[in-house]
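Undergrad: Sharing a structure here in structure tokens format.
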Amino acid sequence: MTADAPHPATTATTAATAASARATDRPGDASPFTLGLLLRQAHWRAAAVMSEALRPLGIELRHFAVLIVLVDRGPTVQRDLAAATGTDKAGIMRVVDDLERKGLAVRKSVPGDRRVRAVEITPQGVELFDAAHAGAAAPAESLVAGLKPGEPEQLTDLLTRFAYPAADGEA
């Protein structure tokens, strides 16, 4: 046996360890990918529930994501909408086109740069935004129905800190 060849017992132990750490989304798995996979499953579940809540209003999550940004920031250029929603340039143009067609948003010229358009929510868009929140209350409750008292708030806190880590030096 050469010095470079692994010992058979070491190889078997390494293979068993690797197999037990393979990425799955099952509770208790120790893979370094488990957190990401569980977050992905949680996202899919929440997205499905919230998509159903938005369906009667005639919009999709991608539309609602843009409305959230517009309500939060006010008129926003398409480039910034794309960045805020994780959408590419073509995708954000399609979403804004849809919102305009539905009367929920309008594009307006930006003073000083006629090439740039800012997107602004309309009063009808604000009404739909508020209706979406009212319609999503019960489905949102169903998402956390299996959690104990206080855990939905704890989950929200943990996910907020995970999604928006404090900058160096902040508490």
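The values are calculated or read from the model by the stated rules, or taken from the named source; none is laboratory data. Note that the structure is predicted; figures quoted are calculated from it, not measured. Please note: Cβ atoms are built from the backbone with ideal geometry, for glycine as well, and neighbour counts cover all protein chains shown. Heavy atoms of the whole protein, side chains included, go into the accessibility calculation; ligands, DNA and RNA do not. Shrake-Rupley method; radii C 1.70, N 1.55, O 1.52, S 1.80 Å.
Undergrad: Quick one: how many residues across region 118-171 are closer than 22 Å to residue 82 by Cα and of a type in the set (Asp, Glu)?
TA: Result for region 118-171: 1.
Undergrad: Another question, if that's okay. Does region 111-133 hold any residues that are part of a helix (DSSP H, G or I) and either touching a Phe, Trp or Tyr at 6+ places or on another chain (Cβ under 6 Å) or at pLDDT 95 or above (or both), and which are they?
TA: 123, 124, 125, 126, 127, 128, 129, 130, 131, 132
Undergrad: Can you confirm whether residue 142 is surrounded by fewer than 12 Cβ atoms within 10 Å (Cβ to Cβ), in contact (Cβ under 8 Å) with a residue 12 or more places away in the chain and either out of contact with any Leu (no Cβ under 7 Å at 6 or more places or on another chain) or not in a helix (DSSP H, G or I) (or both)?
TA: Taking the combined requirement at face value, the residue satisfies it.
Undergrad: Taking residue 48, is it outside any loop (DSSP other than H, G, I, E, B), within 27 Å of residue 147 (Cβ to Cβ) and touching a residue at least 60 places away in the same chain (Cβ under 8 Å)?
TA: The answer is no for residue 48.
Undergrad: Given the conditions (1) crowded, with 17+ Cβ neighbours inside 10 Å; (2) in a loop (DSSP other than H, G, I, E, B), and given that residue 148 satisfies all but one, which numbered condition is not satisfied?
TA: The single condition residue 148 does not satisfy is (1).
Undergrad: Here is a further query. In region 72-106, which residues are part of a helix (DSSP H, G or I), in contact with an Asp or Glu (Cβ under 9 Å, 6 or more places away or on another chain), closer than 18 Å to residue 122 by Cβ and open to solvent by less than 20 Å² (accessible area, probe 1.4 Å)?
TA: 95
Undergrad: Also, I was wondering about something else. When you look at residue 81, is it in contact with a Gly (Cβ under 8 Å, 6 or more places away or on another chain), at pLDDT 95 or above and either among the basic types (Lys, Arg) or more than 30 Å from residue 145 (Cα to Cα) (or both), yes or no?
TA: So residue 81 fails the test.
Undergrad: Still on this structure, I have one more. Can you pull out the residues in region 107-133 that are crowded, with 17+ Cβ neighbours inside 10 Å and of a type in the set (A, V, I, L, M)?
TA: 118, 119, 121, 128, 132
Undergrad: Among what's in region 82-137 and is among the hydroxyl-bearing types (Ser, Thr, Tyr) and touching a Lys or Arg at 6+ places or on another chain (Cβ under 8 Å), pick the residue that is farthest from residue 51 (Cα to Cα).
TA: Ranking the qualifying residues of region 82-137, first place goes to 109.
Undergrad: Could you list, in sequence order, the residues of region 58-71 that are over 16 Å from the mean Cα position of the chain (by Cα) and either part of a helix (DSSP H, G or I) or surrounded by 20 or more Cβ atoms within 10 Å (Cβ to Cβ) (or both)?
TA: Selection gives 59, 70, 71.
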